[in-house]
Amino acid sequence: MDNFDIVIIGGGPAGMAAAITAHQEGIENLLIIERDDSLGGILRQCIHNGFGLHKFKEELTGPEYALKYEKKVKELNIPYILNTMVTDISEDKTITATSSERGIFQIKAKSIILAMGCRERAKGALNIAGSRPAGIYSAGTAQKFVNMKGYLPGKDIVILGSGDIGLIMARRMTLEGAKVHAVCEIMPYSGGLARNIQQCLKDFDIPLKLSHTVIEIHGKERVEGVTIAKVDEKRNPIPETKEYIPCDTLLLSVGLIPENELSKGAGIKLSNATSGAVVDQKRQTSVEGIFACGNVLHVHDLVDYVSDEGEIAGKSAAEYVLNSKTRNESLIKIETDGKIRYTVPQYITEKENTKIYFRVDNIYNNKKIILRSNSNIKTFKKQKLLPGEMETITVPLEFLDAESIYIGLEDL
Amino acid sequence: MYDVAIIGAGVVGAMISRTLARYNLKICVIEKSNDVATGATKANSAIVHAGFDAPVGTLKAKLNVKGSKMMEDIARELGVKYKKNGSLVIGFCEEDLNEIKKLYKRGIENGVENLSILGKEEINKLEPNLAENVLYALYAPTGAIICPYELAIAALGNAMDNGVGFIRNFEVKSIKKFDGFFTITNGEKEIKTKYIVNSAGLYADNIAKMVGDNSFEIHPRRGEYILFDKECRGIVKQTIFRTPTKMGKGILLTPTVDENILLGPTSVDISDKENKSTTAEGFFHIISQGRENLPSLPLNKNITSFCGLRAVGDKGDFIINSFENNFINVAGIESPGLSASPAIAEMVKDILIENGLSMTLKENFNPIRKSMSYFADASIEEKNQIIKKDNSFGKIICRCEKITLGEILEAIRTNPKPYDLDGVKRRTRSQMGRCQGGFCSPYIVDILAEELNIPYIEVTKSGKNSVINIKKLKEVNGNG
Ligand SMILES: Cc1cc2nc3c(=O)[nH]c(=O)nc-3n(C[C@H](O)[C@H](O)[C@H](O)COP(=O)(O)OP(=O)(O)OC[C@H]3O[C@@H](n4cnc5c(N)ncnc54)[C@H](O)[C@@H]3O)c2cc1C
Ligand SMILES: Cc1cc2nc3c(=O)[nH]c(=O)nc-3n(C[C@H](O)[C@H](O)[C@H](O)COP(=O)(O)OP(=O)(O)OC[C@H]3O[C@@H](n4cnc5c(N)ncnc54)[C@H](O)[C@@H]3O)c2cc1C
């Protein structure tokens, strides 16, 4: 069995950033395993602009952003294998993978970095009544048809869910000559980025119907229409508001789920709020020596943060391998009020500079974010907080002499 | 000229074709859709019933008990997944217990073996997750589960390997009777045959009327289901029925042979034979009864829902008879039709012989079909042997179910060949996992287009107008 210091599972932006950083920290015996036929991850199909504003101060397309990292990986001669899918990892860090060239094989790592990204929530989970004809796709699948294969999956479109991919596909399909009749969002707010709502819907006069959902799908062979309705506060459809929209396609953009099947196999503890691993500030999971970053850890809306997180995981894994450092068991828990839906990391194990990423559970106006530990309090004013946009705050070092830190929202 | 034309490629038609394939006969199976197993056969509870349910003396009872005894061997020959997981009819109160006792008695009269009535403790041992207030159960260790479309595909495939013809996308519109033979037409083409077996499911009454047999009617009864992620495996191990009441049989709960958990069916009479819609009321009913049986049911783990239509006859029993000598009805085959299908096929063969069709056994009939899941079931060493010979078995296409290119190609090249995405799905389980084809379907479209030698744009979900894409936009150097 081959042995590696660090094996990185997934060659998207998270995995590449992790590998580059680990290499820069002095690890040469490392390997990226990617199941697709090229590095780049989901960015390969995101041909629109808007990537890299934070990290490179320029607007790049997805493939351009990915290429910057891919070049670096190649420059540094970081070993990677493509067309190889990891099918199992165990707690002792044995990795089982499959490829055409090598068949099913195992390798062993001192440290593993999980960077498998996320997948889209499928229709099944929604239990929409009606028939199940052709013409129902997740937005990412439609994106693959259009951008990677060069085919238009439909011409009269209704989109359910206002996640970013759905918004981006509303614009893409419109530009390709299709008509997007409506984007229905069951919540009273959109989970997508404000900039995407402006640039992908408003600029094209595509109606965003908040507090609306699709209650029935019609059509035998191909979708012929959908019935939509407004929902009440409990998200139950209001019958009087039913409306039939003829269309040939229903796109679903109803959420992304971190791809953690492998993590479960290794016994890694997952968070209900993020569906990703529970991690400390080093992005170390509950299994020592296994780290996680990017969308497999929690769903990001900006790739720049994904890269940052990859760097943290790469640095921590290198540190773990070089210093054979075991985890510091004294932890500082990060507690939240319910309004802050989750934080990453969920706990802190060492007194070091720590940035906390978090999301809120609703739209909030004119609030202050309160950070508290023992008698220390710090507040940050916020005019607007949106569930679709990740927030960050940096914890001052003196806050870390405590058993727990609290983050919450209060009125200004 | 065919000796026998079987109309309808559901599990019943498929099993009949395989039984008749043992003989020196010229046989075809005629199907209106793009594939085998697209009717009731693809959407049912997938249970091989023990046989305590049907009233004593009915065809349903006899054929169920006989069929379920034959099923295990047939599944082995055809390489179809089958599991004798046992079943429980659970009761919550004294009234239920009385009903359970009746079922017990009926089961014994029907010839079901090893039935017993269990109390709470024994139930707990078998199924620790059932609701606290489940007090009684009828236990039938001979109850089993099978994959119904896999069975139909394999049975027809094996029949084809032994010489049977499969004519699809042929909707029988009229039948003309001549001296000693029929012509069957779809309005364009004609098929000549000496005997007809009418196993057209919901449309068996329409087909019978084409030859002047107006003796029965079939109407559809909707049955909706919700399917749960494999992660729920083990939450129940046997098939769990509720005690039947005046309100019907209620919602059952069962593992499938692929380790998902299936909940359903609802039971609502409808009039449109084409209406396979699920309903909000149906979901509500399934979930609320499901939770009564199994309070820990993880509702967020459901991955899909679907609906099947029972072909309910107006005679209260299966309608298996001959209208004149050479036209045989196999109609009203509602539950337990899947379980009974091997015995139904035998019965049809006997009727044909009785009605003057002479048949001699083929010398070279091969009852064995390679299992569709042989690769998935192989050990790592065996898999590596296979990959060494053909490296497409090392390329995973469906990441949820871990189905490889090799398995998909082999399915596309094996009788009866799939022509569409759903056909590939039913043969390989690709697109059936938690992402429901979101990731792999664009690739499978590629594979189908290449194998069938048709443009990408012409690949469909399930034949006819169920197109996936509507327009070619541009040449992309799409490697993806
Ligand atoms: C459709 C879409 C549009 C977006 N639009 C924007 C935008 O406009 N601007 C912006 O800044 N951000 C955007 N984002 C966010 C950002 O691009 C993503 O968050 C980022 O790409 C995630 O990176 P990742 O490396 O975590 O995951 P991914 O890019 O998904 O990479 C994961 C990689 O792991 C591989 N993998 C998974 N499992 C295995 C396995 N078992 N074995 C081997 N390999 C495996 C996958 O093939 C993949 O290459 C968008 C995201 C999506 C999904
Ligand atoms: C909700 C539900 C639950 C069930 N649960 C169970 C169970 O757990 N156990 C069990 O044993 N049984 C069960 N059954 C019963 C079982 O599914 C059926 O008995 C069995 O599938 C019937 O098979 P078939 O071949 O008769 O019909 P089908 O599978 O419906 O096949 C009939 C075929 O005829 C074709 N056809 C129709 N008209 C024409 C035409 N004009 N020309 C050409 N072709 C035509 C159709 O396209 C179709 O493919 C259940 C049924 C339902 C609906």
Open item on the list: Only helices at least 27 Å long along their own axis, judged from Cα atoms, and with Kyte-Doolittle mean hydropathy of 0.5 or greater: name those in chain B from DSSP H.
Closed with: none
Task: Selected from A:PRO63, A:PRO207, A:PRO258 as most flexible by GNM, with chain A as the system and alpha-carbon contacts under 10 Å - done: A:PRO207
Task: Sorted by Cβ neighbour density within 10 Å, fewest at the top, the residues A:THR249, A:THR241, B:THR243 - done: A:THR241, B:THR243, A:THR249
Task: For chain A, built as a Gaussian network whose Cα springs stay under 10 Å, the top-fluctuating residue of A:ALA402, A:ALA182, A:ALA115 - done: A:ALA402
TODO: Provide the FRET efficiency to the nearest 0.05 for the A:LYS264-B:ILE368 pair, computing r from the beta carbons and using R0 = 51 Å.
DONE: 0.85
TODO: Name the most mobile residue of A:TYR244, A:TYR65, A:TYR347, meaning the one with the largest mean-square fluctuation, in a Gaussian network model of chain A with Cα contacts below 10 Å.
DONE: A:TYR244
Open item on the list: What distance in nm lies between label points placed 7 Å from Cα along the C-beta direction at B:LYS192 and B:ASN114?
Closed with: 5.3 nm
Open item on the list: Using a 10 Å cut-off around each Cβ, can you sort A:THR96, B:THR183 from fewest to most neighbouring Cβ atoms?
Closed with: B:THR183, A:THR96
- [ ] Have a look at A:THR96, B:LEU63, B:HIS285 and report the one farthest towards the positive end of the charge dipole of the protein assembly as shown, computed about the Cα centre with Cβ charges (Lys/Arg +1, Asp/Glu -1).
- [x] B:LEU63
- [ ] Positive end of the charge dipole of the range B:380-476 (Lys, Arg +1 and Asp, Glu -1 on Cβ, about the Cα centre): tell me which of B:ASN384, B:TYR443, B:ALA411 has its Cα farthest that way.
- [x] B:TYR443
- [ ] Using Cα centres only, tell me the gap between the range B:270-286 and the range A:47-113 in whole Å.
- [x] 45 Å
Task: Isolated Cys residues of chain B, judged by Cβ distance under 4.7 Å to other cysteines - done: B:CYS28, B:CYS93, B:CYS147, B:CYS232, B:CYS307, B:CYS400, B:CYS435
Task: Restraint check, A:LYS123/B:LYS42; A:LYS72/B:LYS461; A:LYS202/A:LYS333; B:LYS209/B:LYS276; A:LYS230/A:LYS384; B:LYS192/B:LYS425, Cα-Cα greater than 31 Å - done: A:LYS72/B:LYS461; A:LYS202/A:LYS333; B:LYS192/B:LYS425
TODO: Please state the charge dipole magnitude for the protein assembly as shown, taken about the Cα centre, from unit charges on C-beta atoms (+1 on K and R, -1 on D and E), reported in debye and rounded to the nearest 20.
DONE: 860 debye
Task: Spin-label pair B:ARG413/A:GLU91, simplified geometry with 7 Å Cα→Cβ offset, distance in nm - done: 4.4 nm
Task: Dipole magnitude of the range B:28-107 about its Cα centre (Cβ charges: Lys, Arg +1; Asp, Glu -1), debye to nearest 20 - done: 260 debye
- [ ] Run the dipole for the range B:380-476 about the Cα centre, Lys and Arg Cβ at +1, Asp and Glu Cβ at -1, nothing else charged, and hand back the magnitude in debye, nearest 20.
- [x] 260 debye
Task: Packing-based exposure ordering (other Cβ within 10 Å, fewest first) of B:ASP377, A:ASP411, B:ASP229 - done: A:ASP411, B:ASP377, B:ASP229
Open item on the list: What is the distance in Å between the Cα centroid of the range A:178-197 and that of the range A:376-412?
Closed with: 28 Å
TODO: Among A:LEU385, A:ILE370, A:TYR406, flag the residue with its Cα farthest along the positive direction of the charge dipole of the range A:331-412, charges on Cβ as +1 for Lys/Arg and -1 for Asp/Glu.
DONE: A:LEU385
Task: Separation in nanometres of the label points that stand 7 Å from Cα toward Cβ, at B:ILE457 and A:GLN24 - done: 4.8 nm
- [ ] Please work out the C-alpha center-to-center distance from the range A:235-312 to the range B:2-80 and express it in whole Å.
- [x] 44 Å
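No lab work stands behind these numbers, since they all come straight from the coordinates. Given the structure is predicted, the values throughout are model-derived calculations rather than measurements. Because the Cβ atoms are built from the backbone with ideal geometry, glycine has one as well, and the counts that use them run over all protein chains shown.
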